[in-house]
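The values are calculated or read from the model by the stated rules, or taken from the named source; none is laboratory data. The structure displayed is predicted, hence computed values, not measured ones. Here the Cβ positions follow ideal geometry from the backbone for every residue, glycine too, while neighbour counts run over all protein chains shown.
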Amino acid sequence: MPVPSFTTTCLSNCVIARDIYEFRLRKPKGFSFKAGQFVLFDVPLLENPTDIQTRAFSIASAPREEELLFVAKMKKGGRASRWIAESLQEGSTVRMQGSFGVFTLKPENAKEYLFIATSTGVAPFRGQIIDALQSGDMRRMDLIFGVRSEEDLFWVEELQKLSTQHPQFSLHCSLSVGSSAWTGHRGRVQTVTKSAVPDAAMRQVYICGSPAMTMEMKKMCMEVWKIDRKDLHVEGYI
């Protein structure tokens, strides 16, 4: 079966935190996805636009939202990072394939949700949480969102607003190197999760972030908390 391909337009692109860009695309006609899936973008080499390679990005939107939202952490010299920072702008034509992936919610599982993310690993969880809330899911859902310092946080205001509007959702931000003014959690998500969510071992757990974090968190879930493999869903990024 051929992979669906789409051509769309960039609606906005801006810096929202240290080395973090957020860009929005018009949702192409006929494009569909499940919250948590990803697309492949055609990313040109800036010095030679005919040299195209694909790069995967998680969709941060919920399916009912009108636009497609993405977030990217800049990697010095990276092809996609340069494309986003130096070329992508309002009105730019963007070509993509998808949607792909099985990192999606399992609503048939009656257990409550626990989402654990570092940096841009929070992208699929934004869409999943909004989708679950829009669908009327009343079970508990907690998001552990870890970054290095205050300058690396993003989407916090929006997520806090969701937690106010929907008491079943709670946001727990943690900084590994926070300033003296920081009053939230401190430490890596690996050390913060159990204190923030005492019944973590009873949840269905979704983990997304750096390979090192996801591997360590997965090991903790399986070996320490004894979480069943069917209740554990992991996606890493490079």
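Within segment 46-96, the set of residues being farther than 29 Å from residue 130 by Cα and touching a helix residue (DSSP H, G or I) at 6+ places or on another chain (Cβ under 8 Å) comprises 46, 53.
Selection of first residues in segment 18-34 that are among the polar types (S, T, N, Q) and of second residues that are at pLDDT below 95 and surrounded by 17 or more Cβ atoms within 10 Å (Cβ to Cβ), restricted to Cβ pairs under 9 Å at least 6 apart or on distinct chains, gives the following pairs, ordered by first then second residue: 32/99. Once segment 2-52 is narrowed to residues that are of a type in the set (A, V, I, L, M) and outside any strand (DSSP E or B), the residue that is modelled with the highest pLDDT is 35.
Considering (1) touching a Ser or Thr at 6+ places or on another chain (Cβ under 8 Å); (2) closer than 23 Å to residue 168 by Cα, the lone condition that residue 70 does not fulfil carries the number (2).
Of all residues in segment 77-98, which are under 16 Å from residue 57 (Cβ atoms) and either among the small types (Gly, Ala, Ser) or in a helix (DSSP H, G or I) (or both)? Full working, then the answer.
Of all residues in segment 77-98, those under 16 Å from residue 57 (Cβ atoms) come to 78-85, 87-88, 92, 94-98.
Once the filter is applied, which keeps residues that are under 16 Å from residue 57 (Cβ atoms) and either among the small types (Gly, Ala, Ser) or in a helix (DSSP H, G or I) (or both), segment 77-98 yields 78, 79, 80, 81, 82, 83, 84, 85, 87, 92, 98.
Selection over segment 204-238 of residues that are outside any strand (DSSP E or B), small (Gly, Ala, Ser) and touching a residue at least 24 places away in the same chain (Cβ under 8 Å) gives a count of 1.
Go through segment 59-78 and report how many residues are more than 19 Å from the chain's Cα centre (by Cα) and either under 22 Å from residue 122 (Cα atoms) or surrounded by 21 or more Cβ atoms within 10 Å (Cβ to Cβ) (or both). Of the residues in that region, 2 qualify. Can you say whether residue 120 is among the hydroxyl-bearing types (Ser, Thr, Tyr), under 16 Å from residue 56 (Cβ atoms) and modelled with pLDDT of 95 or more, as far as the supplied structure shows? Yes.
Test residue 168 against the criterion of being modelled with pLDDT of 95 or more, polar (S, T, N, Q) and under 24 Å from residue 70 (Cβ atoms), and give yes or no.
Judged against the criteria, residue 168 is not a match.
Evaluate segment 24-33: report whether one residue or more is more than 26 Å from residue 151 (Cβ to Cβ) and either in contact with a Gly (Cβ under 9 Å, 6 or more places away or on another chain) or in the same structural domain as residue 149 (by TED's automatic domain parsing) (or both). Scanning segment 24-33, I find at least one residue that is more than 26 Å from residue 151 (Cβ to Cβ) and either in contact with a Gly (Cβ under 9 Å, 6 or more places away or on another chain) or in the same structural domain as residue 149 (by TED's automatic domain parsing) (or both), so the answer is yes.
Per the conditions (1) in the same structural domain as residue 229 (by TED's automatic domain parsing); (2) at negative phi, the sole criterion not satisfied by residue 82 is (1).
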